[in-house]
Amino acid sequence: SPEKAMVCFGNMFIELPKAQTQKMLRQDQEQLDEEINNLRKELRVKVNRLYEAQGKPELKGFNLNPMSAEEMKLINRILEG
């Protein structure tokens, strides 16, 4: 039916309401984004420690943050005119 969606959990498919499915997917994506950002922050610290242990100078530009999707949309609008 148009109000239901098939969702795969492991090796099972379950039919759930679309609104509930969308909510679950959004929550999962937010959690994954948070985990990715935490791993990026940890990686920066570890790389800096490694360079410090090797006696090398800190990498320049390594602490930059990626632009958000909203920022990219605004940049594209400006470039398009």
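Computed from the coordinates by the stated procedures, all read-outs in this text should not be read as laboratory data. Small disclaimer: the values here were computed from a predicted structure and weren't measured. Glycine gets a Cβ as well: all are built from the backbone with ideal geometry, and neighbour counts include every protein chain shown.
Can you spot a residue in segment 26-42 that is among the polar types (S, T, N, Q), surrounded by fewer than 10 Cβ atoms within 10 Å (Cβ to Cβ) and farther than 30 Å from PRO2 by Cα?
Within segment 26-42, none of the residues are among the polar types (S, T, N, Q), surrounded by fewer than 10 Cβ atoms within 10 Å (Cβ to Cβ) and farther than 30 Å from PRO2 by Cα.
Residue by residue through segment 47-81, note down the ones that are in a helix (DSSP H, G or I) and surrounded by 10 or more Cβ atoms within 10 Å (Cβ to Cβ). Give the steps one after another, and end with the answer.
Narrowing segment 47-81 to residues in a helix (DSSP H, G or I): 47-53, 69-80.
VAL47, ASN48, ARG49, LEU50, TYR51, GLU52, GLU71, MET72, LYS73, LEU74, ILE75 - these are the residues of segment 47-81 that are in a helix (DSSP H, G or I) and surrounded by 10 or more Cβ atoms within 10 Å (Cβ to Cβ).
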